[in-house]
Amino acid sequence: MSRKVGLIIVSIVLVFCAVLGLIYLSIDQSGGIPGIVVDCTWSGTATAWIDGNQNGRFDADEQPLPGVVFHYYGGASATTDWKGEAQLGPFMVGCGDGSDVSISAEIPEGYALTTPATVSGSTSKPGKTFAFGFITKPGVPTPTARPAEPTCTVHHLGRANRYDLTDIAISPNGTIWVATFNAGVFMLAPNGSDWVHFTESQGLVGNQVRSITVDGDSSIWFATSAGASHFDGHAWTSYTAADGLLPADISGIAVDSDLVWFATYAGASMLDTTTGTWRSFTKTEGLPDDFLNAVGLSKDGSVWFAGMDNLWRLRWPDRPAGTPSWSHYEGWVDNIKSGPNDTLWFVGFNGVQSYDPQTDSLQDHTQELSKIGLKSAVHSITFAPDDSMWLGSETSNEIFHVLRDPNTQSMTVRSYDSRDGLPKEATRDDNVEALAFAPDGSFWISTQEDATHCSFPK
């Protein structure tokens with residue numbers, strides 16, 4: 001049985017169980033069938049901070065305290081992150097019956113509480129925040145202050161139920177490009193204030209744009225549902241099935257000198273721009289799976305294609321002659337990005353992986369990232385000028401900055417969400433579609449309706 005079929009079956013079972021649980025809840029509350037116990041997950045947040053003025057409130061000028069362990073229902077525990085927050089989410093028997101949940105703080109050495117050590121919350125009121133203030137005892141140094149939060153500006157380019165933003169890319173000169181599904185692309189010139197809108201009327205081959213590939217200041221490629229378009233800064237050139245491209249939606253484009261690779265929903269196509277010749281790969285030509293949603297290039301000359309639940313690698317050292325060779329790897333990959341030291345990175349529903357051409361090895365980072373606080377499936381990835389990794393959530397408008405200590409090589413994760421300036425649409429799941437860094441070190445985030453520009457204080 002394929003992974004895709006398996007996921008579908010699991011989803012059906014989960015939905016059935018959820019519906020059955022709701023039915024049981026309705027029956028139990030009505031008293032129709034005695035003895036049925038309803039189980040669910042209660043949620044809450046415990047916060048810890050340095051209560052400098054000892055007033056029991058987390059004031060704006062006070063800093064969070066990471067590393068505080070909280071104990072609660074059934075022996076469960078949670079530890080505060082760099083924001084001083086610990087997420088509580090136990091599976092509970094008889095959830096919603098109004099019983100109390102006790103949350104207790106484990107007091108770190110050298111600290112004392114300014115608030116009660118144990119507080120209670122009701123299972124009938126999920127989502128509550130429980131605050132724990134601390135002071136340092138004499139002779140104990142104050143913890144390092146929390147790093148500054150970014151300052152963000154939101155550009156509302158999408159429209160709910162009309163079109164979503166699908167990708168964001170930045171040229172070396174700082175030009176911002178934003179793709180939408182149904183409304184073409186938007187462009188913001190360096191230091192500009194007005195967005196320029198390009199659609200089919202201006203030369204774009206299709207308004208449903210899935211991804212953007214930057215090949216220089218004046219060489220931008222757009223993958224659309226109607227074909228591929230190239231913009232040289234002045235004029236548009238488009239490619240469709242009539243030119244040799246596979247007749248399907250284009251999901252991704254990668255450029256390797258004179259060769260342009262296209263991932264489509266019907267296989268892969270390659271254009272040699274020097275000769276104008278095309279070659280396509282489908283199951284007939286050796287590609288194991290036709291449905292592709294991303295393409296990336298490795299420094300060793302191999303080409304990588306992502307399917308719904310598989311990753312394919314094409315080796316073709318003697319092209320255009322010779323026979324292409326395909327390798328298969330499992331994994332649900334949404335995006336492929338180049339990383340530091342010529343590495344290639346893959347992110348998606350299954351997690352985060354990287355390929356190192358120097359060792360010819362594929363490494364899975366999912367478990368390591370999960371242990372240090374990455375609590376979401378990943379949809380997008382990029383790298384900052386300092387080579388640190390940034391990840392975008394598959395399920396919410398949350399981004400994660402992954403930092404590695406140069407001495408110990410240990411990793412930590414800092415997360416940012418709507419409390420830090422990222423947009424949040426109350427009526428929908430506003431997951432992070434793409435991330436990109438500008439030449440000045442600021443970064444852009446594409447969520448489903450907004451392009452958000454953020455920068456940290458210098």
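Bear in mind these aren't lab numbers, they're just calculated from the coordinates by the rules spelled out. Computed from a predicted model, the values in this text were never measured in an experiment. Quick reminder, even Gly has a Cβ in these numbers, built from the backbone with ideal geometry, and neighbours come from all protein chains shown.
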For this session: With everything on Cα atoms, drop me the angle between helix 3-30 and the longest principal axis of the chain, reported from 0 to 90° to the nearest 10.
Result: 30 degrees
Seminar exercise, completed: Among LYS125/LYS375; LYS283/LYS375; LYS337/LYS375; LYS83/LYS424, the pairs whose Cα-Cα distance exceeds 27 Å are LYS283/LYS375
For this session: Report, in whole Å, the centroid distance computed from the Cα atoms of segment 218-264 and segment 59-84.
Result: 49 Å
For this session: In nm, give the distance between the simple-model label positions of LEU362 and ARG162, each being 7 Å from the Cα along the Cα-to-Cβ direction.
Result: 4.2 nm
Exercise. What is the Cα centroid distance between segment 347-375 and segment 378-454, reported in whole angstrom?
Worked result: 17 Å
For this session: Could you point to the label whose value was computed as volume of the Cα convex hull per residue in Å³ for the structure here, given (1) 183; (2) 165; (3) 154?
Result: (1)
